[in-house]
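Please read the structure below before turning to the comments.
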Amino acid sequence: MPELAERSVVIIGAGPVGCALATLLRRQGLEVDIFEREEAAESGSGNSFNLTLTSRGLDRLPRPVKRRLYLQGSVLVKRIIHHSDGAISTQPYGTADTHHLLSIPRGVLQVILRDHALRAGSRIHYGHKCVDVDTARPAALLQRRDGTTAWVRADLLVGCDGANSAVREAISRAHPEDMWVTRDTIDHGYAEITMEYRDADPAGMHLWPRGDHFLQAQPNRDQTFTTSLFKPLAHDTPRRQFAGLSTPGAIRDYCATEFPDVFDRMPEVGQELMSRTPGRLRIVSCAPHHHQRAVLIGDAAHAVVPFLGQGINCSFEDAATLSGLLESTGFGAGDVDAVVENVVEKYSGMRVAAGHALAELSLNNLQELSAHVTSPSFLERRALERRLHELYPEVYTPLYQLVAFTRIPYDVAQQRHRKLSSALDSFCLGRDLRRDQDTIIAEFVDKYGDELLRDRERTG
Ligand SMILES: Cc1cc2nc3c(=O)[nH]c(=O)nc-3n(C[C@H](O)[C@H](O)[C@H](O)COP(=O)(O)OP(=O)(O)OC[C@H]3O[C@@H](n4cnc5c(N)ncnc54)[C@H](O)[C@@H]3O)c2cc1C
């Protein structure tokens, strides 16, 4: 095992979040060692889906990293809805130029972040699997591929080892009274399928909402699509598969019926879905996010379902928060043990509620993606909210904009939206939202405007 320097941070996991944190910490001159269980060639090759980044997460990365991501990713400004009857409609993500998604293949994101972590001077040790931690020293027990193990010590230990975090499991196993953990999976699974691109609109996220399931296609720069099917899984089959899709013929029939406008672009779909085991979607929550001098960030602290596309955005926010706290409390200078304990406690206090709120918001968005986006009443309500925001941006901001394009903590955005939404509900009851739009907005602002402004000043 390597000899670690003073003022050192050990990060477990060289995924996107571990690498982003390493880059931020190196910018303040800290010694950073990352231990990754995979070998270098395997690392980051596990999942091929695209990740959508929004300004919430992107703005927390150093400018050169962000610049490279924009050079490789696709800017998506709207959802493009493919309805069952063949009609197509669009929904903008927001109201300003910065209100877009940057869609980037996960592998590409990983390579860029790893490259910056290394260039910044972090060391990545591949083939080292964390199997235990001691949060008091703090130290991690690492196992090499040949089975040998050794402890590695640091001043701060950070678990960035994803939804199945060994760091989190070791802490909660050794100190069940100090950290609770809940784990859940949902009925839906996901699998990637190949879909030909052929003159698709490159500026939007394509979506085929079909009740309890949906198809999603994200355009890439090289004129390909990254396409995923999200659908409930069968409960009664030995092998994990989508409900009702147990043969290539059944898969083809299903796709021909549900997605007729693009069925001829997926010639291999039957064999493809037969040969792939759908991924499970997990929700893992825990609290607090620290123990003594160890802390969890990214999916290790909060794995959420991907329906809001915020998992990694929240994780980059975690990394920037931790790095900012270390910098402002003088990790490089003072009594290191005391500083670290203070920082990780503060960090937890700032991030736990945000992670829990994101888990709830993400699950709620499944309904929106698979069903609501085609409902006329839902669309009228959204149009009313957009108009209200256009006319009175200081009073009202739609939930998605708060979540994706601001720095307002997820839990504050959630509370604000709950309050506004129920107030707006009462104004909309029994009204024709298309005809009465301006009257509803005027009455709403008249009654709630001052209160909402005060609320906003109070919560930021
Ligand atoms: C289908 C799907 C779609 C998604 N889409 C989006 C999206 O559009 N936008 C978005 O913001 N988020 C999205 N997410 C969430 C996003 O993928 C995660 O938030 C993100 O990958 C978390 O990164 P991480 O570095 O914390 O964890 P991971 O990416 O899981 O990386 C963890 C790293 O730790 C290593 N590791 C694990 N265990 C050990 C160990 N014991 N010892 C050493 N190393 C270890 C792993 O090999 C890996 O390299 C999606 C997730 C899924 C499943």
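The values are calculated or read from the model by the stated rules, or taken from the named source; none is laboratory data. What you are looking at is a predicted structure, and each value in this text was computed from that prediction instead of being measured. Every residue, glycine as well, gets a Cβ built from its backbone with ideal geometry; the counts of neighbours run over all protein chains shown. Accessible surface is based on the protein model in full, side chains and every heavy atom, while ligands, DNA and RNA are left aside. Shrake-Rupley method; radii C 1.70, N 1.55, O 1.52, S 1.80 Å.
So for the range 375-388 (the condition being under 15 Å from the mean Cα position of the chain (by Cα) and open to solvent by 30 Å² or more (accessible area, probe 1.4 Å)), does at least one residue qualify? No, the range 375-388 contains no residue that is under 15 Å from the mean Cα position of the chain (by Cα) and open to solvent by 30 Å² or more (accessible area, probe 1.4 Å). For the range 234-279, a tally of residues being closer than 21 Å to R210 by Cα, of a type in the set (S, T, Y) and assigned to a loop (DSSP other than H, G, I, E, B) returns 2. A count restricted to the range 69-86 and to residues that are open to solvent by 50 Å² or more (accessible area, probe 1.4 Å), in contact (Cβ under 8 Å) with a residue 60 or more places away in the chain and not in a strand (DSSP E or B) stands at 3.
A quick yes/no check of all residues on (1) within 12 Å of the ligand (Cβ to nearest atom); (2) within 29 Å of D155 (Cα to Cα):
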| site | (1), (2) |
| --- | --- |
| F49 | yes, no |
| L58 | yes, yes |
| R79 | no, no |
| H82 | no, no |
| T90 | no, no |
| D97 | no, no |
| R106 | yes, no |
| R119 | no, yes |
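Within the range 188-211, the set of residues being away from the ligand (no atom under 16 Å from the Cβ) and among the charged types (D, E, K, R) comprises E196, R198, D199, D201, R210. Of all residue pairs spaced 6 or more apart or on separate chains, those with beta-carbon atoms under 8 Å, a first member in the range 408-428 that is over 14 Å from Y448 (Cα atoms) and a second member that is open to solvent by 30 Å² or more (accessible area, probe 1.4 Å) and outside any helix (DSSP H, G or I) are I408/G460; V412/G460; A413/T406.
Might you check whether a residue that is part of a loop (DSSP other than H, G, I, E, B), more than 19 Å from R79 (Cβ to Cβ) and either aromatic (F, W, Y) or modelled with pLDDT under 90 (or both) occurs anywhere in the range 439-456? The answer is no; no qualifying residue exists.
Pairing each residue of the range 289-309 that is at positive phi and open to solvent by 10 Å² or more (accessible area, probe 1.4 Å) with any residue that is of a type in the set (V, I, T) and near the ligand (Cβ under 8 Å from one of its atoms), provided the two are 6+ apart or on different chains, yields C-beta distances under 7 Å for G309/T52. Of the residues in the range 240-254, none is small (G, A, S), away from the ligand (no atom under 12 Å from the Cβ) and under 25 Å from L51 (Cβ atoms).
Take the conditions at pLDDT 95 or above and touching a His at 6+ places or on another chain (Cβ under 6 Å) and apply them to I171. Does it pass?
yes
Can you find, within the range 150-187, the residue that is farthest from the ligand (Cβ to nearest atom) among those that are open to solvent by less than 20 Å² (accessible area, probe 1.4 Å) and in a strand (DSSP E or B)? So, considering only residues that are open to solvent by less than 20 Å² (accessible area, probe 1.4 Å) and in a strand (DSSP E or B), the one farthest from the ligand (Cβ to nearest atom) is L156. V65 falls short of the stated requirement of being buried (at least 18 other Cβ atoms within 10 Å of the Cβ), at pLDDT 95 or above and closer than 19 Å to Q143 by Cα. Annotation: of all residues in the range 34-47 being within 6 Å of the ligand (Cβ to nearest atom) and at pLDDT 95 or above, the one that is most open to solvent (accessible area, probe 1.4 Å) is R37.
Among the residues making up the range 395-438, those that are over 30 Å from L51 (Cβ atoms), of a type outside the set (K, R) and assigned to a helix (DSSP H, G or I) are S422, A423, L424, D425, S426, F427, C428, Q437, D438.
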